[in-house]
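Everything below concerns the one structure shown next.
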Amino acid sequence: MAIDHHHHSAPIHGVSAQRILPDEAGTRNWDRIIVDERIKSRLLSHALLALAHEKEFYALPGALQRLVILSGPPGTGKTTLATGLAEIVSKELADRGDTCLVEINPHVLPSEMLGESQRNVARLLDNSLPELSLRYPHVVVVIDEVESFAVRRSSASFEANPIDVHRASDAVLEGMDRLMKRCPNVLVVATTNFPAAIDEAFTSRADLVLSLEIPDVETAAKIIALSLEELAGIWPELESLAANSELHHQLAEACVGWDGRQLRRLPLKAMSDRKELALNPEKLTPRDLFAAASM
């Protein structure tokens with residue numbers, strides 16, 4: 001089992017995890033996430049362009065904002081792809097120094113107290129992240145569910161302290177602009193389930209907005225295959241299921257409309273369906289998998 005290098009006790013308010021890459025976990029998230037290859041290659045090329053040529057772009061003000069938005073329904077792998085991007089970038093740029101991956105949970109930043117939200121946001125964007133950018137050659141910041149961070153001001157609910165919502169969104173936009181100007185070695189990857197809820201001014205600052213979809217049958221079959229392969233690494237008796245591509249395809253067709261997370265968990269769902277299987281997972285059969293697919 002890989003050692004977990006997430007430092008959950010991160011002292012920075014709003015930061016849920018911090019990792020120095022490359023680490024022993026390697027490119028685990030990048031390899032495990034199965035999405036359209038064009039999305040992966042576009043994302044990686046953009047990140048490398050931004051981080052490998054920070055000095056050149058710094059001389060061209062406004063040429064590159066170094067903000068990428070990944071949008072799509074829940075369970076499509078946006079966060080895994082974002083953290084995976086940091087892993088693969090750190091490996092590609094390892095000869096130029098370490099990469100610090102910072103994961104931000106924006107849900108802890110809004111505050112009931114008027115004005116406190118802006119202060120929290122400003123502290124993060126004006127102090128914490130610039131300090132990290134001085135300590136590490138490359139910093140990849142992942143902001144999950146950014147719609148709760150850069151709320152669309154034109155449709156912000158007026159019950160919930162509308163003025164504070166506006167000010168917090170303004171603070172995010174202004175803070176992001178300052179961060180990008182001051183810290184050319186920082187790349188921000190934001191994820192959203194609801195692109196329509198993000199402030200338009202935030203979206204317009206992005207160099208790249210990529211949409212992840214619910215997997216098609218081909219992709220779903222690959223996700224099921226990978227999940228079975230990982231389990232066969234623990235229970236070798238499952239190798240025949242892991243190698244049966246016709247089975248993976250039939251299961252994918254039985255699971256149309258499932259997101260990546262649900263597909264990945266299909267074998268576990270099947271194993272937890274019967275006591276005998278729960279005790280002896282190696283007894284898993286195609287029939288069990290189809291039963292779980294129809295539940």
- Query: Do we have any residue at all in region 109-128 that's surrounded by 14 or more Cβ atoms within 10 Å (Cβ to Cβ), more than 19 Å from residue 182 (Cα to Cα) and at pLDDT 95 or above?
  - Reply: no
- Item | Residue within region 63-71 that is in a loop (DSSP other than H, G, I, E, B), small (Gly, Ala, Ser), touching a helix residue (DSSP H, G or I) at 6+ places or on another chain (Cβ under 8 Å) and more than 15 Å from residue 146 (Cα to Cα) present | yes
- Task: Six or more apart or on different chains, Cβ under 7 Å: which pairs go from a residue in region 177-198 that's closer than 19 Å to residue 87 by Cα and touching a residue at least 24 places away in the same chain (Cβ under 8 Å) to one that's surrounded by 20 or more Cβ atoms within 10 Å (Cβ to Cβ) and basic (Lys, Arg)? Could you list them?
- Result: 186/66; 187/66; 188/66; 191/78
- Out of all the residues in region 274-289, is one or more buried (at least 16 other Cβ atoms within 10 Å of the Cβ), more than 21 Å from residue 215 (Cβ to Cβ) and among the hydrophobic types (A, V, I, L, M, F, W, C)? yes
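Kindly indicate whether residue 46 is surrounded by fewer than 15 Cβ atoms within 10 Å (Cβ to Cβ), in a helix (DSSP H, G or I) and either in contact with a Gly (Cβ under 7 Å, 6 or more places away or on another chain) or at negative phi (or both).
no
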- Considering only region 85-108, how many residues are surrounded by fewer than 19 Cβ atoms within 10 Å (Cβ to Cβ) and either assigned to a loop (DSSP other than H, G, I, E, B) or not assigned by TED's automatic domain parsing to the domain that holds residue 148 (or both)? 3
- Within region 19-43, residues being assigned to a helix (DSSP H, G or I) and closer than 22 Å to residue 261 by Cβ number 10
- Message: So residue 177 ticks every box in (1) within 27 Å of residue 54 (Cβ to Cβ); (2) charged (D, E, K, R); (3) assigned to a loop (DSSP other than H, G, I, E, B) but one. Which box is left unticked?
- Response: (3)
- Item | Residue within region 149-164 that is at pLDDT below 75 and closer than 25 Å to residue 76 by Cβ present | yes
- Please name all residue pairs, on different chains or six or more residues apart, with Cβ atoms under 7 Å, provided the first residue is in region 228-249 and is under 11 Å from residue 284 (Cα atoms) and the second residue is outside any helix (DSSP H, G or I). 238/284; 241/284
- Residues within region 223-249 that are over 23 Å from residue 80 (Cα atoms) and surrounded by 18 or more Cβ atoms within 10 Å (Cβ to Cβ), tallied: 3
- Query: What are the pairs, 6+ residues apart or on separate chains, where a residue within region 258-269 that is assigned by TED's automatic domain parsing to the domain that holds residue 289 has its Cβ under 8 Å from a residue that is assigned to a helix (DSSP H, G or I) and acidic (Asp, Glu)?
  - Reply: none
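The values are calculated or read from the model by the stated rules, or taken from the named source; none is laboratory data. For clarity, every value in this text was computed on a predicted model and none was experimentally measured. When we count neighbours, we look across all protein chains shown, and the Cβ atoms used for this are built from the backbone with ideal geometry, even at glycine.
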